[in-house]
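Worksheet: one structure, shown below.
The values are calculated or read from the model by the stated rules, or taken from the named source; none is laboratory data. Here the structure is a predicted model, which is why all the values come from computation and not from measurement. Here Cβ is always computed from backbone atoms with ideal geometry, including for glycine, and neighbour counts include all displayed protein chains.
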């Protein structure tokens, strides 16, 4: 019976050492008894780019101007492209974006006016091999075409905007264990 008790205690001690490890046992012993300091370890993810894709989206529209613009005087436009949301799907990516457009013009009464217009854009980029658990590594949006003019009667601002959206997709490949101390 004593032999069975000793085997059980030895098995239990071996289980504790295997579970906690020699380092953890030494770390436990270091709490005031001359052991070594416990390292604090974190897992730093290692990502790799697995794919990238591009799409071009165009929008053509007529924006009413009220009061009407003087078509003989110059106008100015300021464009700001923004990516709102990128959703990684199985086999592709969905991108929601917009372009904010500020139109500054002089109306028929000689008063300077400012008109704001938000142009929503959306595109789907097919990327074989991408899965929904992948993440976005990089995203850019660039205006590649802008044509704008005021109609002859000054009541309408005619515009055409084209943007190019680029997306890089990354995947978690490994975890690098980084510990401080010895």
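A few remarks follow.
- Just one residue in the set 78, 124 is farther than 30 Å from residue 47 by Cβ and touching a residue at least 12 places away in the same chain (Cβ under 8 Å); that residue is 78.
- Each residue in region 70-89 was checked for being surrounded by 11 or more Cβ atoms within 10 Å (Cβ to Cβ) and part of a loop (DSSP other than H, G, I, E, B), and 4 pass.
- Positions within region 139-161 being within 14 Å of residue 86 (Cβ to Cβ) and without any contact (Cβ under 8 Å) to a residue 60 or more places away in the chain, in sequence order: 139, 140
- Region 144-166, residues that are part of a strand (DSSP E or B) and either over 30 Å from residue 127 (Cα atoms) or not assigned by TED's automatic domain parsing to the domain that holds residue 53 (or both): 147, 148, 149, 150, 156, 157, 158, 159
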